[in-house]
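Worksheet for the structure shown next.
None of the figures in this text is laboratory data; all of them are computed from the coordinates on show. Predicted, not measured: the structure shown is a model, and the values here were computed from it. Here the Cβ positions follow ideal geometry from the backbone for every residue, glycine too, while neighbour counts run over all protein chains shown.
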Amino acid sequence: MEAFTTHTGVGVPLRRSNVDTDQIIPAVYLKRVTKTGFDDGLFHAWRTNDPDFVLNQPAYSSGSVLVAGADFGTGSSREHAVWALRDYGFAAVLSPRFADIFRGNAGKQGLVAAQLSQDDIEQIWKILEENPGTEITVDLAERQVHAGEAGAVFRFDIDDYTRWRLMEGLDDIGLTLRHEEDITAFEARRPSWMPKTLPARIAEG
Amino acid sequence: MASTLAEKVWADHVVRRGENGEPDLLYIDLQLLHEVTSPQAFDGLRQEGRTPRRLDQQLATEDHNTPTIDIDKPIADITSRTQIDTLRRNAEEFGVRIHSLGDKDQGIVHVVGPQLGLTMPGITVVCGDSHTSTHGAFGALAFGIGTSEVEHVLATQTLPLKPFKTMAITVNGSLKPGVTAKDIILAVIAKIGTGGGAGYVLEYRGEAIRELSMEGRMTICNMSIEAGARAGMIAPDETTFDYVKGRPHAPQGADWDEAVEYWRSLRTDEDATFDTEVVIEADELEPFVTWGTNPGQGLPLSAAVPAPEDFTDDTSKVAAENALRYMDLVPGTPLKDIRVDTVFMGSCTNGRIEDLRAFAETIRGRTKHPEVRVMVVPGSARVRLQAEQEGLDQEFLAFGAEWRQAGCSMCLGMNPDQLKPGERAASTSNRNFEGRQGKGGRTHLVSPVVAAATAVRGTLSSPSDLDGTAAPAAAPAA
């Protein structure tokens, strides 16, 4: 995972709440067995059927900072939603509230999920819509978003540990395996009747 | 210190407490795998030269992509077949137990785990599937994870996690006839909203919850994610122990006694506090149905389609406008006047034997509406066999329904069972998102008995609307 400190790119105002992961990428795109190349599925229904959809407007189509309404990423646990956003070119998503699993998945894949107040999101939407194509900067070190020529600054929330991992570009599994002895010690304490899938037992008949 | 159920299970699984803002490292007792969210995880292991740490704590099955007819033939959709083949190859290469299509223990991952007795009180369960919350019905801490985390669990059998907040959802009193577990959870989601549970583990408690069977409890915990919660839990009791006992992987002999003794300790202490509490009166609940495009947009079936102006905040107004447009509904229309094209009976929410029995009981002695297509899809191959032993399949077929093989089926558009653009369904599944059941398809979430009454009348209906439409049949044979 690449280390993330700041990112500047065109802001995309997505004026919708409850953007669920079925909208971010429909299930039909989940049949692939690869981890890249999901950009064609991103917001597929809206990009296909709605000429006014924000990413169909030339000023926003090369955007890399998505500014969305509350409850972004609800529904299915599909990490493909994060892969699709990343493959399209998004480096950060700003929203008043994220679904828990989506936020976790984003953190694992280097996509910044920055939480701002609803009021701040509304202000950023205005700035972006007044001048389509406006660039905004996401500064992870300072936890700030800079938007527009007037230099408006907004503070965002992201948990300390995720921020640190993103800034260091660290692999989670490697970090956990530093504590392998603790895992082994824990396993030695587990009761013998805890579920075991092997050897397999099945019902008669 | 007094603790909630969720806090107790969490504390019993901490491998290492996080320091200085680090997350805790939590031990995972059981990981369930399916074809959609695992290929990239196994690939990651291969790339790094890692192997699964505990093969005896993994179980794979095939469910999302699998067709529900002609299962003895090769899967026609090449990408679906590739994904299934990839899971089979990975299972073989790494040594993971798998129940493939055609196997008696194949089925939806959240039906198979409990059925085999692998889901037990007090354990941690994960799966690359948000409906893993289902297993919380046993008093397990069970939650959906992304593919990176699936790989993490394969490699380490742990996950780094920040503790969740706790929310009590107390359902007092008893349900009226015709009102079910599904109606409780749809009412809960409508009350707290699709983001209301974000960051929380929900604990369902109260008389109405205690009175539910394990399968009803699974229906409720299953949809916790639809309120934004990572997990939902119900304290284990005699109902739970009776359900687990004797299943293939349940503890036996002295192990059973030891396990039950521990399980009895898994309840929220009297003086423990929750971060948030919600109270619902069961006797005020009616059959519930969704009218919009997220599971929080629901109302009692006796209500009418709302207007955007009925909502006070701008966000909900806009969401309602978008939903009404997509659903092609006019405000003020009684929900019971809404015609459907399809009734889908199945999924990890309502695809268990009791759900099929409830559906069968409601249609018994009645005729299907001629213009409605009815699909009945068991949640697992074992559920199918059980239903056939009880003769339910013959009732479904005589009614004019399709009786299918086990799988996720029409809950999501990944297999051939899909709505066509513009088609409308009453569905016992869990999500009414735009296009969820097929591109352009429209979904109303309902309970099994509402699905059955709707199949008879052709419009969204509750069982009480059927009075007088046909002579009630004789009592069920079994």
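Mind running the shape call on segment B:47-105? Use the C-alpha gyration tensor, a ≥ b ≥ c as the square roots of the eigenvalues: rounded below 1.5 for a/c, prolate if a/b tops b/c, oblate otherwise. It would help to have the intermediate numbers written out before the result.
Numbers: a/c = 3.19, a/b = 1.72, b/c = 1.86.
Taking the square roots of the gyration eigenvalues as a ≥ b ≥ c, segment B:47-105 is oblate.
At 0.36 nm per residue, minus the direct Cα-Cα distance, what do residue B:1 and residue B:311 gain on full extension? Give it in nm, one decimal, please.
Gain in length upon complete extension: 107.3 nm.
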Kirkwood Rh, Cα atoms: Rg over Rh of segment B:100-192: 1.02
Where only alpha carbons of segment A:6-189 are counted, the Rg and the Dmax (Å): 17.4, 62
Gyration tensor (Cα) of chain B, equivalent ellipsoid semi-axes in angstrom: 34, 27, 23
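Which longest run of chain B has no exposed loop site in it, a site being GluC sites (Glu not before Pro) in a DSSP loop with at most 11 other beta carbons within 10 Å, and the site itself not part of the run? Kindly include the intermediate steps, with their values, before the conclusion.
Details: sites that count: B:19, B:270, B:371.
In chain B, the maximal stretch lacking such sites is B:20-269.
Work out the FRET efficiency for residue A:189 and residue B:367 from their Cβ-Cβ distance, taking R0 = 60 Å, and round it to the nearest 0.05.
Values: r = 60 Å, r/R0 = 1.00.
So the FRET efficiency works out to roughly 0.50.
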Coordinate range along principal axes, alpha carbons of the protein assembly as shown, Å, largest first: 76, 61, 56
Cβ-based exposure ranking for B:245, B:439, in which fewest neighbours within 10 Å come first: B:245, B:439
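How many percent of DSSP beta bridges within the protein assembly as shown run antiparallel, rounded to 5?
Values: 26 of 79 bridges.
Percent antiparallel among DSSP bridges in the protein assembly as shown is about 35.
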Residues A:117, A:76, sorted so that the one with the fewest Cβ neighbours within 10 Å comes first: A:117, A:76
Förster radius 41 Å - calculated FRET efficiency between residue A:182 and residue B:76 (Cβ-Cβ, nearest 0.05): 0.25
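Which order results if B:73, B:165, B:182 are arranged by neighbouring Cβ count within 10 Å, fewest first?
Details: B:73 8, B:165 14, B:182 29.
In order of increasing Cβ crowding within 10 Å: B:73, B:165, B:182.
In terms of the Cα gyration tensor, with a ≥ b ≥ c the square roots of its eigenvalues, is segment B:372-414 rounded because a/c is under 1.5, prolate because a/b exceeds b/c, or oblate?
Because a/c hits 1.5 or more and a/b fails to exceed b/c, segment B:372-414 counts as oblate.
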Amide H within-cut-off set for residue A:144, under 5 Å, with H built and near neighbours excluded: A:139, A:156
Calculated from backbone phi, Karplus (6.51, -1.76, 1.60) coupling profile of segment B:158-163 in Hz, x at Gly/Pro: 9, 9, x, 9, 7, x
Set B:73/B:336; B:73/B:245; B:73/B:439 screened for pairs whose C-alpha atoms are more than 31 Å apart: B:73/B:336; B:73/B:245
10 Å Cβ shell holding at most 10 others, DSSP loop, GluC sites (Glu not before Pro): longest site-free stretch of chain A: A:3-148
Cα-based reach from residue B:176 at 19 Å (exclusive), listing aspartates and glutamates while leaving out same-chain residues under 8 positions away: B:207, B:211, B:215, B:281, B:283, B:284, B:286, B:354, B:355, B:361, B:465, B:467
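Kirkwood hydrodynamic radius (Cα pairs, Å) of segment B:305-424?
Numbers: mean 1/r = 0.0614 Å⁻¹.
Result for segment B:305-424 stands at 16.3 Å.
Rg to Rh for segment B:315-382: what is it, with Cα atoms only and Rh by Kirkwood? Mind showing how you got there, number by number?
On the way: Rg = 16.1 Å, Rh = 14.7 Å.
My calculation puts Rg/Rh at 1.09.
Once you have the Kirkwood Rh of segment B:250-306 from its Cα pairs, apply Stokes-Einstein at 20 °C and 1.002 mPa s and quote D in µm²/s.
On the way: Rh = 16.0 Å.
So the translational diffusion coefficient is about 134 µm²/s.
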Cβ-derived FRET efficiency at R0 51 Å, residue B:55 paired with residue B:318, nearest 0.05: 0.55
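Using the Cα gyration tensor of segment B:392-461, with a ≥ b ≥ c the square roots of its eigenvalues, what is the shape: rounded (a/c below 1.5), prolate (a/b larger than b/c) or oblate (neither)?
Numbers: a/c = 1.93, a/b = 1.32, b/c = 1.46.
Note, shape of segment B:392-461 comes out oblate.
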Alpha-carbon Debye profile of segment A:8-89, log10 I(q)/I(0) at 0.17, 0.19, 0.26 Å⁻¹: -0.64, -0.81, -1.47
In segment B:314-382, the trypsin sites (Lys or Arg not before Pro) that fall in loop regions by DSSP, at most 12 other Cβ within 10 Å: none
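Where the eigenvalues come from the Cα gyration tensor of segment B:5-277, what are the semi-axes √(5λ) of the equivalent ellipsoid, largest first, in whole Å? Intermediate values should be presented prior to the final figure.
Values: eigenvalues 181, 100, 71 Å².
Those come to 30, 22, 19 Å.
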Whole-angstrom gap from segment B:399-431 to segment A:77-120, using each part's C-alpha centre: 30 Å
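Pairs to check: B:191/B:317; B:104/B:182; B:162/B:182. Give those whose C-alpha atoms are more than 19 Å from each other in this structure.
Working: B:191/B:317 16 Å; B:104/B:182 27 Å; B:162/B:182 30 Å.
Exceeds cut-off: B:104/B:182; B:162/B:182.
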